[in-house]
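A.B. asks: Quick one: the structure is below, and I'll ask about it shortly.
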Amino acid sequence: MARTMNGAKLPGNSTVEMGTFPVPEPGHGQVLVKVKSSTICGSDIRAIYREHLGKGPEGYQNVIAGHEPCGQIVETGPGMKRFKTGDRVIIYHISGCGVCYDCRRGYMISCSSPLRAAYGWQRDGGMAEYLLADEKDLVQLPDSLTYTDGAQVACGFGTVFEALSKIGISGTDRVLVTGLGPVGLATAMLARAMGARTIIGTDIAESRTRLATDLGLVDHALLGKEATVDAVLGLTGGKGVERSVDCSANDAARQLAVRATREWGKIALVGEGGTLTFNPSPDIIHGQKTIYGSWVTSIWRMEELVEKLADWDLHPDRLVTHRFSLDRCSEAYSLMAGGQCGKVAVCFDEELSATGTSEVIR
């Protein structure tokens with residue numbers, strides 16, 4: 001195996017910097033993963049690609065980018081307890097200390113230790129041919145799921161599954177999804193699989209409402225100014241939805257999610273940033289509504305989600321509209337930043353040649 005590899009860093013000025021790096025060697029409890037697919041997250045665009053917004057230990061540390069990788073173990077260090085060479089694995093994108101309160105609950109995303117390091121932010125990530133990962137951060141990828149399925153599990157679909165698990169979804173529920181970017185599309189896909197009887201999606205971009213409709217993920221798509229409380233009430237017999245999930249981080253969309261939810265309903269806020277302006281008494285208190293904040297997921301719930309995706313024969317890679325080879329990484333980030341696409345993946349080997357709805361750009 002070659003001892004150098006190609007990889008991509010993000011300077012913070014809406015460009016990608018390609019480079020050659022040494023292939024790392026796994027230490028105790030570590031594995032070397034041959035990356036097969038690495039998808040681009042909206043937080044990468046917002047907080048790193050356009051500008052390095054985070055500072056200090058939480059900021060981008062000029063490492064190889066990409067916190068949504070999936071691949072196959074090609075080397076292992078000593079002290080392995082579960083995984084072995086040849087295993088197909090997903091990487092939970094936050095490597096926590098493992099011993100703080102949140103890590104012991106499986107929520108490494110909330111690790112409070114200075115040892116916490118996110119792949120692609122504070123330690124090298126998946127926009128390279130190989131990735132060094134800790135065994136404790138791995139989740140087994142079933143053979144029935146593709147590597148591009150797996151790449152979307154930890155951050156995108158895991159975030160959604162966590163939120164939907166908090167508010168609960170059943171066959172009696174109508175669900176409103178505000179914001180139909182990749183996270184909103186994942187919300188609609190999982191809500192459907194969990195039994196939701198009607199799904200209403202909203203977005204200001206026609207390309208996104210059209211994609212959601214074309215993929216059969218929503219029953220009703222409301223575009224821009226069509227997305228009003230009255231419109232949602234009209235689609236729900238004047239009652240409103242039982243559950244709503246905001247994936248937009250837009251104040252007006254969040255207001256819609258709150259006000260279009262019926263009495264005793266539940267609302268999950270998933271979209272990062274922004275504000276929410278509401279009147280507590282008429283909007284929440286008098287309707288006995290509950291608002292949940294939900295940030296990523298735990299590694300144990302991620303294991304549960306992977307099992308369910310396999311059981312349901314549900315494939316997140318349906319949301320990928322474009323696949324790029326690593327040497328076209330700059331185009332991949334630029335397209336994702338434009339917001340006129342579904343999920344974008346940088347792929348290797350057989351994943352780049354995968355067929356389906358994706359446009360392949362070599």
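A.B. asks: Restricting attention to segment 311-349, report how many residues are part of a strand (DSSP E or B) and under 17 Å from the mean Cα position of the chain (by Cα). Outline the logic, then answer.
C.D. replies: Residues of segment 311-349 part of a strand (DSSP E or B): 320-324, 343-347.
Going one step further and asking which of them are under 17 Å from the mean Cα position of the chain (by Cα), we end up with 320-323, 343-347.
The number of residues fulfilling the criteria is 9.
A.B. asks: Let me ask you something else. Tell me yes or no: at least one residue of segment 350-362 is out of contact with any Phe, Trp or Tyr (no Cβ under 9 Å at 6 or more places or on another chain), part of a helix (DSSP H, G or I) and over 15 Å from residue 68 (Cα atoms).
C.D. replies: No: segment 350-362 contains no residue that is out of contact with any Phe, Trp or Tyr (no Cβ under 9 Å at 6 or more places or on another chain), part of a helix (DSSP H, G or I) and over 15 Å from residue 68 (Cα atoms).
A.B. asks: A further question follows. What are the residues in segment 208-267 that are in contact with a strand residue (DSSP E or B) (Cβ under 7 Å, 6 or more places away or on another chain) and at positive phi, if any?
C.D. replies: The answer is 240, and nothing else.
A.B. asks: Among the residues of segment 17-41, which ones are surrounded by fewer than 20 Cβ atoms within 10 Å (Cβ to Cβ) and closer than 26 Å to residue 340 by Cα?
C.D. replies: 17, 18
A.B. asks: Looking only at segment 230-274, filter to residues that are closer than 17 Å to residue 172 by Cβ and among the hydroxyl-bearing types (Ser, Thr, Tyr); which one of those is surrounded by the fewest Cβ atoms within 10 Å (Cβ to Cβ)?
C.D. replies: In this case the residue turns out to be 236.
A.B. asks: Could you grab me the full set of residues in segment 281-311 that are surrounded by fewer than 13 Cβ atoms within 10 Å (Cβ to Cβ) and of a type in the set (A, V, I, L, M, F, W, C)?
C.D. replies: 285, 300, listed by residue number.
A.B. asks: Within segment 67-83, can one find any residue that is free of Cβ contacts under 8 Å to residues at least 60 places away in the same chain, within 30 Å of residue 249 (Cα to Cα), surrounded by 15 or more Cβ atoms within 10 Å (Cβ to Cβ) and assigned by TED's automatic domain parsing to the domain that holds residue 338?
C.D. replies: Within segment 67-83, not a single residue is free of Cβ contacts under 8 Å to residues at least 60 places away in the same chain, within 30 Å of residue 249 (Cα to Cα), surrounded by 15 or more Cβ atoms within 10 Å (Cβ to Cβ) and assigned by TED's automatic domain parsing to the domain that holds residue 338.
A.B. asks: Which residue pairs have Cβ atoms closer than 7 Å, lie 6 or more positions apart in sequence or on different chains, and pair a first residue in segment 233-260 that is free of Cβ contacts under 8 Å to residues at least 60 places away in the same chain with a second residue that is of a type in the set (Ser, Thr, Tyr) and surrounded by fewer than 24 Cβ atoms within 10 Å (Cβ to Cβ)?
C.D. replies: Qualifying pairs under 7 Å: 251/275; 251/277; 255/277.
A.B. asks: Name the residue that is nearest to residue 351 (Cα to Cα), counting only residues in segment 84-97 that are surrounded by 15 or more Cβ atoms within 10 Å (Cβ to Cβ) and not β-branched (Val, Ile, Thr).
C.D. replies: 88
A.B. asks: Follow-up. Enumerate the strands (runs of 3 or more DSSP E) found wholly within segment 1-40, keeping only those where 1 or more residues are in contact with a helix residue (DSSP H, G or I) (Cβ under 6 Å, 6 or more places away or on another chain).
C.D. replies: 4-9, 30-39
A.B. asks: May I pose another question? Need the failing condition index for residue 106 against (1) crowded, with 24+ Cβ neighbours inside 10 Å; (2) on the phi > 0 side of the Ramachandran plot, just the number.
C.D. replies: (1)
A.B. asks: Shifting gears a bit: Can you name the condition, by its number, that residue 319 falls short on among (1) farther than 18 Å from residue 209 by Cβ; (2) in contact with a Lys or Arg (Cβ under 6 Å, 6 or more places away or on another chain)?
C.D. replies: The single condition residue 319 does not satisfy is (1).
A.B. asks: Ok, one more. Can you run down the residue pairs with Cβ atoms below 8 Å, 6 or more apart or on separate chains, where the first is in segment 266-277 and touching a residue at least 60 places away in the same chain (Cβ under 8 Å) and the partner is in a loop (DSSP other than H, G, I, E, B) and buried (at least 23 other Cβ atoms within 10 Å of the Cβ)?
C.D. replies: If the second residue must be in a loop (DSSP other than H, G, I, E, B) and buried (at least 23 other Cβ atoms within 10 Å of the Cβ), the pairs left are 270/247; 271/179; 271/247; 271/248.
A.B. asks: Looking only at segment 143-175, which residues are touching a Gly at 6+ places or on another chain (Cβ under 9 Å), in contact (Cβ under 8 Å) with a residue 60 or more places away in the chain, assigned to a loop (DSSP other than H, G, I, E, B) and not hydroxyl-bearing (Ser, Thr, Tyr)?
C.D. replies: Of everything in segment 143-175, those that are touching a Gly at 6+ places or on another chain (Cβ under 9 Å), in contact (Cβ under 8 Å) with a residue 60 or more places away in the chain, assigned to a loop (DSSP other than H, G, I, E, B) and not hydroxyl-bearing (Ser, Thr, Tyr) turn out to be 152, 169, 173.
A.B. asks: Does residue 329 fit the bill of being closer than 20 Å to residue 88 by Cα, of a type outside the set (Val, Ile, Thr) and either free of Cβ contacts under 8 Å to residues at least 60 places away in the same chain or not assigned by TED's automatic domain parsing to the domain that holds residue 190 (or both)?
C.D. replies: no
A.B. asks: Let me ask something additional. Taking segment 88-116 on its own, how many of its residues are modelled with pLDDT under 95 and part of a strand (DSSP E or B)?
C.D. replies: Residues flagged as modelled with pLDDT under 95 and part of a strand (DSSP E or B) within segment 88-116 amount to 0.
A.B. asks: While we're on this one: Looking at segment 48-87 only, could you name the residues that are among the β-branched types (Val, Ile, Thr) and not in a loop (DSSP other than H, G, I, E, B)?
C.D. replies: Of segment 48-87, the ones among the β-branched types (Val, Ile, Thr) are 48, 63-64, 73-74, 76, 85.
Within segment 48-87, 48, 73, 74, 76 meet the criteria.
The values are calculated or read from the model by the stated rules, or taken from the named source; none is laboratory data. In this text, all values refer to a predicted model and were calculated from it rather than measured experimentally. Virtual Cβ from ideal backbone geometry, glycine too; neighbours counted across all protein chains shown.
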